[in-house]
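Working notes, structure below.
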Amino acid sequence: MTSHNPKATLIGSIAILLWSSLALFTTQANLVPPLLLLCLTFGVASLLFFIVYLCKGELRSSWSKTPTSAIVMGGLGFYFYHFCYFYAFQHAPPVEAGLIAYLWPLLIVLMAGMTKGNTLSWTHLVGAVIAFIGTGIMLQSRASTSTIEVNTIYDWTGYAAAFACAFIWSSYSVANRRFQSVPSSAVLWYCLVTTILAGLSHWMIEAPNTATSLDYPASTWIAVLGLGFGPVGIAFFCWDFGVKKGNLSLLGVLSYTAPALSTAWLGLFTDAQLTTGQIIACLLITAGALFASLMPNKKMPSTYSEAEGI
């Protein structure tokens, strides 16, 4: 049996904490068009990774050991997930968008349970039902209060983008199991591909239709830097180290706390007023994901964490 490094587990849990702040930072940077925001934040992350691996002397070896298929999948996964995430937060209420997007831990468990060598347990199905009931309650709560919020305009595309986030990240995470031998420094190339794609997309789609200006308030730039260094930067270092050397099962279970933490940060540090329906939805989604992990086959949580490793 492989021994677990408690320090590595602790470092891995830092990634979960950082990812839970993604919604908060995204809300604070809502003045930036989503594709431009994607380019800026991953540009910061790419620069961070480049400096770190340059100092470690691993740039050349990383490039040679990372297959093109991994770079393509990682770059596209990062690009589409974060674009949908940023878009969702600009076209749907932040709390709802965050909770819907954080259905990905549950979807990873369901998808991994249907892969070769694993079975789909009844706890998976019950957990899915509980989580989706929570999502329904949340959307129903929003529908009943939407007439009051006459000054805020949201549309269905924001909710659709949030659901797309969950499916994209869960699909990417499960597919990423094929590249377990790829070095962790490969995240540099994933982020670089994302930055280039976002920059080109912004130039072709957003720039012709909007008067792009980088004259944003200081709070917006702080949020951009916070995203680049935290949820889309340091978090990848922490998670990769944690899943390779720490307690995979424990990290897999801890990731189910992300929806609750994300909602808590929004309630504490923004003007978002949490309704009873939102709180119930948050608890149900978290509980559903946790219940789905309580399956008879104890290998599943470890498999889940391996699937999610970047």
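The values are calculated or read from the model by the stated rules, or taken from the named source; none is laboratory data. Bear in mind that the values here come from a model prediction, so they are computed numbers and not experimental data. Cβ sites come from the backbone with ideal geometry, for glycine too, and all protein chains shown count toward neighbours. We work out accessible area using only protein heavy atoms, side chains counted, and drop any ligands, DNA or RNA first. Shrake-Rupley method; radii C 1.70, N 1.55, O 1.52, S 1.80 Å.
Here are a few things to note about the model shown:
- With the simple model of a label 7 Å out from the Cα in the direction of the Cβ, I133 to W63 spans 5.4 nm.
- Overall dimensions of region 170-285 as given by Cα atoms, namely Rg and Dmax in Å: 18.2, 49
- Listed peptides 256-268, 46-58 by packing density, highest first (mean Cβ within 10 Å): 256-268, 46-58
- Relative to the current alpha-carbon distance between A264 and L283, full extension at 0.36 nm per residue lengthens the span by 5.7 nm.
- Order of exposure, largest accessible area first, which applies to F237, F42 with probe 1.4 Å: F237, F42
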